[in-house]
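The values are calculated or read from the model by the stated rules, or taken from the named source; none is laboratory data. What you see is a predicted model; the values in this text were computed from it and never measured. All Cβ positions, glycine included, derive from the backbone under ideal geometry; neighbour counts span all protein chains shown. Only protein heavy atoms, including side chains, enter the accessible area calculation; ligands, DNA and RNA are left aside. Shrake-Rupley method; radii C 1.70, N 1.55, O 1.52, S 1.80 Å.
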Amino acid sequence: MGTSVIARRAGLLATLALCVILLALVPKLPPYYVRVADSILIYIILAVGLNLVVGYAGLLDLGFIAFYAVGAYAYAFLASGQFDIHLPFIVILFIGAAAGAIAGVLLGFPVLKLRGDYLAIVTLSFGEIIRIAINNADELTNGPQGIAGLDRASLFGLPLTSPVHFYWLLLALAIIICASVYYMERSILGKAWRALREDQDVVRGLGINTTTLKLLAFALSAAIGGAGGVIFGSFQRFVSPESFTFQESLLVVLIIIIGGVGNIVGVIAGAIVLVVLPEVLHFAAQYRLLIYGIVLVTVIVLRPGGLVSPRFNLSFIIRKVRNLWLSPSKT
Amino acid sequence: MALALENVSKHFGSLVAIKNLSLTFDVGSVYSIIGPNGAGKSTVVNMIAGSYSVTSGAIRLGASVLNRLPKHRVAQLGIARTYQNLRLFDGMTVLENLEVCFFPQSWLTYLTGARRLGKSERLDICHACLERFGLSDVADTLAGDLPYGRQKILELARAFVTEAPIVLLDEPAAGLNHTETKDMAALIASLKRADRAIILVEHDMDMVMSISDRIDVLNYGELLCSGTPELVRTNEKVQEAYLGTTEELDTIRKLAQGRRAQGGLRSNAGIVRH
Ligand SMILES: Nc1ncnc2c1ncn2[C@@H]1O[C@H](COP(=O)(O)OP(=O)(O)OP(=O)(O)O)[C@@H](O)[C@H]1O
Ligand SMILES: [Mg+2]
C-alpha cells in the first residue's frame, strides 16, 4: 500500500468530515441563513421527488406543486382550528404522503396515454386547477385568505418551533428520501424506468405494463411532494393558494434541468444554485424570473446536460469510496 | 405449444397489407417468412407481437387469442421479438438491457416482494446468456457504444433471455457483412430447441435456406407458397415474385437498353452517387 493511497484516504475522510461539520454548523448561523438552508432542503426533497417522474420515467410533469399543495392543506385541515381536528404531525406526514400519492394516481390514470408536450400541458393545467379549486372552495379552505394558526408541530414529544428544528427534520427527511430514491434507481424498477424513457413500445414488448410503471413513478413522486407539503405547512403555520403557483412547479423543474436530469447529485446542486442565487441577488427581486431564465439559457448553452455531469452521480461516488477502501489499486 | 394465424387480414386504410393469411407455427422448428420488399413480413411479426391490431381473423397461442390482448400481455404469454431497425436501450449497459426483461410482471408481485426472480438469480441468468451470445466482455458497456454487429447480437440475446417459446426475428442479418451474416446464421441455428419456435424474417437466402425447417413466401400480403427449402427454391411462382417472369425480364432489359442509349439509366446514376 503506497503513501498515495493513504493520502487519498485521508483526503476522502477529510472531505466527509468537512461535509458533516458544515451540515452541523448550519444551525449556529444567524436565523436568516438557517431559513435559506431550510428552503434549500425543501427544494431538494421536491426536486428529488419530481425527478422520479421527469428524470427516470421521462415524463414532463409541470403541475408537481399541486401535490405539495395537497400535503400542505392536509396539514392545514388536520392540525388547526379550521375543522378543530388536531392530529399529531407524524400521522399527518403519512396522510399527506398518501393523499399526494392518491392525487398522483388520479392525475396519472387519465393522462398517461399522452406523450411529451401533451402530457406537459395537461399536468400544467392540473396544477392550476388544483390551485384555483383551493382558491374558490371558500368553506373548506377560506379561499385566497388561506388558513392561519396551524398547530405547532411536534415530533416524538419534541416541539418543532424554530427554523433550526426544521433544519434537522428536513435534513433527516432529505437524506432518507435521497437514500430511498437511490435504492430505487439501482433496483430493477429504476432500470425499467430508464428503459421506459428510451423506448416505451419496446418496454411493452418485454411484457411490462407501462401504464403501471408510469403510475408508480407518479404515485411515488407525488407522495414525496405531499410529504414535503406537510412539512411546509407545519413550518409556515399558514397556507394559502398563492404559495402553489405555476412558478413554483417551474422552479422545481428548472432545478432538475439546471442541476442534471436523472441525477440526485445534480438535483442537489441545482436546488442550492436556484435557491441561493435569488437570495444573493435579492436587490433584483422583481427580476427573479429573468434570473432563472438567464441561468437556464447559460446552462443549456454551456453545459446542456446540466451543471453536474451524468457520470458524476451517487453510484459513482459510492463506488469510488468503496474501491478506495477495499481495492485501492482500482481507483 | 403452437401459434396459429387464422384467416388474418390487415388493412392500412385502403392498402391491404395482409390478406387471409393462415399459418401454424409449432415449437421445435425454425420458420422463415420471406418475400419481396413490402410483401407484409414485418406486418405479420407486428401483428403476432401485438404491435399492430388485426383487421380480421384471429391469432391464437394455445388457448389464448392474442389479438384481443394488450401488447404486454402478449409478451407475457411467451412471445419475444427483435426489430427490423435496432431498438436497444442505448443508454443502458448490455447487462441492464437483459436484466430489464425480468421486471416483475404484475403490481402484486412487485408490491408484495414476491418477485418472479431474486436479484442474484436474475443476474446469473443474464450473465449465462451473455456468455452464450459471446457478449460477456462488454457486459458493462453501454449498448449504444457497441459496434453495429454486436448490437444486432445483443438484440437477439434480449429476445432469448427469458426463454420465450415463440421468438420472432425481423431481419437479424440486415446490415451485417458476409462473415457476420454467416456467424449469425450459425448462432440462430444453434438456438433451435424442442420447446421453442423461431420465426425468422430474412432477405439473406443462404441463411434462410440453411436453417429453416419451413419457408413461407409472402407476396403482396398473400401466401404464395409454403414448404421445405428445396420446395421453395424450385417453385416457379417464387422465382417470378422475386425476379419477374421471363417476359417481364425481357421488357425490363429492353427498356434499360433504350434508356442507356439516351444517356444512362436514372436509377444507375442514383446508385453511383451513393
Ligand atoms: N404502420 C403502417 N402504416 C401504413 N402502412 C404500413 C404500415 N406498416 C406497413 N405498411 C405497409 O404495409 C406493406 C407491408 O409492409 P411490411 O413492412 O410488412 O413489409 P415487409 O415485407 O416487412 O418489407 P421489407 O422487406 O421492406 O421490410 C407495405 O406496403 C407498407 O408500406
Ligand atoms: Mg420488414
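For A:Gly305, the stated conditions hold: it is out of contact with any Leu (no Cβ under 8 Å at 6 or more places or on another chain) and in a loop (DSSP other than H, G, I, E, B).
Looking at the stretch A:1-114, the helices (runs of 4 or more DSSP H) lying wholly inside it that each contain 3 or more residues that are polar (S, T, N, Q) and either modelled with pLDDT of 85 or more or surrounded by fewer than 19 Cβ atoms within 10 Å (Cβ to Cβ) (or both) sit at A:3-25. Taken together, B:Ala164, B:Ala186 contain a single residue that is away from ligand 2 (no atom under 16 Å from the Cβ) and part of a loop (DSSP other than H, G, I, E, B), which is B:Ala164.
For the stretch B:205-224, give me the residue count where each residue is buried (at least 17 other Cβ atoms within 10 Å of the Cβ) and either assigned to a strand (DSSP E or B) or at pLDDT below 90 (or both). Total satisfying the criteria: 8. I'm trying to understand the selection: among the residues of the stretch A:207-256, which are part of a loop (DSSP other than H, G, I, E, B) and either open to solvent by 30 Å² or more (accessible area, probe 1.4 Å) or under 24 Å from A:Glu139 (Cα atoms) (or both)? A:Asn209, A:Arg237, A:Ser240, A:Thr245, listed by residue number. When B:Gly62, B:Gly78 are screened for being in contact (Cβ under 8 Å) with a residue 40 or more places away in the chain, more than 13 Å from ligand 2 (Cβ to nearest atom) and open to solvent by 20 Å² or more (accessible area, probe 1.4 Å), only B:Gly62 passes. Across the stretch A:170-197, the qualifying residues are those that are open to solvent by 10 Å² or more (accessible area, probe 1.4 Å) and without any contact (Cβ under 8 Å) to a residue 40 or more places away in the chain, and the one among them that is farthest from the other protein chains (Cβ to nearest Cβ) is A:Ala172.
The test for being within 16 Å of ligand 1 (Cβ to nearest atom) and within 14 Å of another protein chain (Cβ to nearest Cβ) holds for B:Leu168. Beta carbons closer than 9 Å, at least 6 apart along the sequence or on distinct chains, pair a first residue in the stretch B:1-27 that is farther than 14 Å from B:Gly40 by Cα and in the same structural domain as B:Ile215 (by TED's automatic domain parsing) with a second that is open to solvent by 80 Å² or more (accessible area, probe 1.4 Å) and within 16 Å of ligand 1 (Cβ to nearest atom) for B:Asn7/B:Asn20.
The single condition from (1) within 14 Å of ligand 1 (Cβ to nearest atom); (2) within 23 Å of A:Thr211 (Cα to Cα) that B:Val74 fails is (1). Of all residues in the stretch B:43-54, which are within 14 Å of chain A (Cβ to nearest Cβ) and touching a residue at least 60 places away in the same chain (Cβ under 8 Å)? Passing the criteria: B:Val45, B:Ile48, B:Ala49. Evaluated against (1) surrounded by 12 or more Cβ atoms within 10 Å (Cβ to Cβ); (2) part of a helix (DSSP H, G or I), A:Gly262 falls short on exactly one condition, (2). Just to be sure before I move on: is B:Asn85 surrounded by fewer than 21 Cβ atoms within 10 Å (Cβ to Cβ) and either more than 10 Å from chain A (Cβ to nearest Cβ) or modelled with pLDDT of 95 or more (or both) in the structure I sent? Against the criterion (surrounded by fewer than 21 Cβ atoms within 10 Å (Cβ to Cβ) and either more than 10 Å from chain A (Cβ to nearest Cβ) or modelled with pLDDT of 95 or more (or both)), B:Asn85 qualifies. Go through the residues of the stretch A:242-256 one by one and say whether even a single one is within 29 Å of A:Phe89 (Cβ to Cβ) and within 14 Å of chain B (Cβ to nearest Cβ). For the stretch A:242-256, residues within 29 Å of A:Phe89 (Cβ to Cβ) and within 14 Å of chain B (Cβ to nearest Cβ): absent. When B:Gly28 is tested against (1) away from ligand 2 (no atom under 16 Å from the Cβ); (2) touching a helix residue (DSSP H, G or I) at 6+ places or on another chain (Cβ under 7 Å); (3) away from chain A (no Cβ under 13 Å); (4) of a type outside the set (S, T, N, Q), exactly one condition is not met: (2).
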